[in-house]
Amino acid sequence: MKSGFRQALAERTLLLDGGMGTMLQRQGRFEGPAEWLNVDAPERVAMIHRAYLEAGADVITTNTFSANAVALADYGCADQAEALAYAGARLAREVVDAFASHDGKRRFLAGSMGPTNRSLTLDAEGVRPSFETMEQAYYEQAHGLIRGGVDVVLIETIFDIQNAKAAVAGARRAMTHLSAQGRVDVWLSLTLADADGRMLTGLSLDRFVAAMAYARPAVITLNCGFGPQALLPHVARLGALCTCAFGVYPNAGLPDASGAYTLSAEAFAEELRPLLATGGVHIVGGCCGTTDAHIRALHDVLEDCGT
């Protein structure tokens, strides 16, 4: 039996939301990790989820990118990781379900699990955590996300395949503990570091897809790193390699000297039009620098392309 998420991927191109950090920064400053807002200022986060749903998004991501013990250790709140993951998932679930109750349209919730600020491959001796430590951190994060009601665990912005394997192991263990196998999917999203299509650790796209086949992901995507134009050739390559669904959610171009992303919503959507016009991609959205305006423009292009 296919999950609802896998079935939807097979039926149409799903529209993912855009950047969470970008939207939070537009609201104003905040102290500490963004995940604390799930507890301290939940309405700020809920407003962003609603904005993306109003823009036409089919899939909403939780504000939990760094809600794991490894990443939160720098803030002195590693012991709060699972609670923050749960709060982020519960908050987003309530917003998504409220929209569904109004229009009857099913939408999906992806639990964001970022790569952490440590690499199992690249960190210097004495700084690199063990695989077991990383797997446990991801287990706690996934446990909170699944309890909170996510449809899919999104292991995103992958730059190190060992981190990704730890995340898959942790997520699978959480699914087993919560009897969520078959109900909650795994989604892998990697980020490329150069124009040749290699990750930061030097691994090629081909080798990543082959090495992660055991995880049986519902979908593999490319995200972050580059804007739409630079990623389009690699999306085509990804589609040729994948036996599962595939897609992309690029940045709004590259940052300027001040760190701002300047690709407009309309230009962002138009750069993705050639990909969407083929009808071959299964999911598309935005990453760093994208806002609800970018997702609304992307929604319009999707409708124009009939996908």
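The values are calculated or read from the model by the stated rules, or taken from the named source; none is laboratory data. Here the structure is a predicted model, which means the values were calculated and not measured. Here the Cβ is made from the backbone with ideal geometry for all residues, glycine too, and neighbour counts use every protein chain on show. Side chains included, ligands, DNA and RNA excluded: accessible areas come from the protein's heavy atoms. Shrake-Rupley method; radii C 1.70, N 1.55, O 1.52, S 1.80 Å.
Taking the numbered list (1) in contact with a strand residue (DSSP E or B) (Cβ under 9 Å, 6 or more places away or on another chain); (2) crowded, with 24+ Cβ neighbours inside 10 Å in turn, Phe159 passes all entries but (2). From the residues in the range 253-307 that are small (Gly, Ala, Ser) and within 13 Å of Thr22 (Cα to Cα), which one is surrounded by the most Cβ atoms within 10 Å (Cβ to Cβ)? Top of the filtered list is Gly286. Within the range 203-224, the only residue that satisfies the criterion of being at positive phi and open to solvent by less than 30 Å² (accessible area, probe 1.4 Å) is Cys224.
For the range 1-17, a tally of residues being open to solvent by less than 10 Å² (accessible area, probe 1.4 Å) and not charged (D, E, K, R) returns 6.
For Gly247, state whether it is outside any helix (DSSP H, G or I), more than 13 Å from Glu271 (Cβ to Cβ), touching a Ser or Thr at 6+ places or on another chain (Cβ under 7 Å) and at pLDDT below 95. Reasoning before the result, please.
On the way: outside any helix (DSSP H, G or I): yes; more than 13 Å from Glu271 (Cβ to Cβ): yes; touching a Ser or Thr at 6+ places or on another chain (Cβ under 7 Å): yes; at pLDDT below 95: no.
In short, no.
Every residue, every condition in (1) small (Gly, Ala, Ser); (2) in contact (Cβ under 8 Å) with a residue 60 or more places away in the chain, yes or no:
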| site | (1), (2) |
| --- | --- |
| Arg93 | no, no |
| Leu109 | no, no |
| Val127 | no, no |
| Glu132 | no, no |
| Ala164 | yes, no |
| Asp185 | no, yes |
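Which is over 16 Å from the mean Cα position of the chain (by Cα) and open to solvent by less than 10 Å² (accessible area, probe 1.4 Å), of Val59, Val96, Val70? It would help to see each step written out before you state the result.
Values: Val59 fails: over 16 Å from the mean Cα position of the chain (by Cα); Val70 fails: open to solvent by less than 10 Å² (accessible area, probe 1.4 Å).
Result of the check over Val59, Val96, Val70: Val96.
Given the structure, is Thr191 closer than 22 Å to Arg237 by Cβ, among the hydroxyl-bearing types (Ser, Thr, Tyr) and open to solvent by less than 40 Å² (accessible area, probe 1.4 Å)? Answer is yes for this residue. The set of residues in the range 92-110 that are touching a Phe, Trp or Tyr at 6+ places or on another chain (Cβ under 9 Å) and of a type outside the set (D, E, K, R) comprises Val96, Phe108, Ala110. Restricting to the range 5-40, count the residues that are under 26 Å from Cys244 (Cα atoms), of a type outside the set (Gly, Ala, Ser) and either in a helix (DSSP H, G or I) or without any contact (Cβ under 8 Å) to a residue 12 or more places away in the chain (or both). Final tally of qualifying residues: 5. Is it the case that some residue within the range 38-46 is within 20 Å of Tyr138 (Cα to Cα) and surrounded by 18 or more Cβ atoms within 10 Å (Cβ to Cβ)? Checked the range 38-46: at least one residue is within 20 Å of Tyr138 (Cα to Cα) and surrounded by 18 or more Cβ atoms within 10 Å (Cβ to Cβ).
Given the residues Thr243, Thr201, which is the only one that is over 25 Å from Gly21 (Cβ atoms) and in contact (Cβ under 8 Å) with a residue 24 or more places away in the chain? Quick ask: steps written out before the conclusion?
Details: Thr201 fails: over 25 Å from Gly21 (Cβ atoms).
So the residue among Thr243, Thr201 that is over 25 Å from Gly21 (Cβ atoms) and in contact (Cβ under 8 Å) with a residue 24 or more places away in the chain is Thr243.
I'd like to know if the range 76-88 contains one or more residues that are over 18 Å from Ala137 (Cβ atoms) and not polar (S, T, N, Q). No: zero hits.
Scanning the range 168-200 for residues that are within 20 Å of the chain's Cα centre (by Cα) and hydroxyl-bearing (Ser, Thr, Tyr) yields a total of 2.
Can you name the condition, by its number, that Leu200 falls short on among (1) within 24 Å of Val59 (Cα to Cα); (2) surrounded by fewer than 19 Cβ atoms within 10 Å (Cβ to Cβ); (3) not hydroxyl-bearing (Ser, Thr, Tyr)? Condition not satisfied by Leu200: (1).
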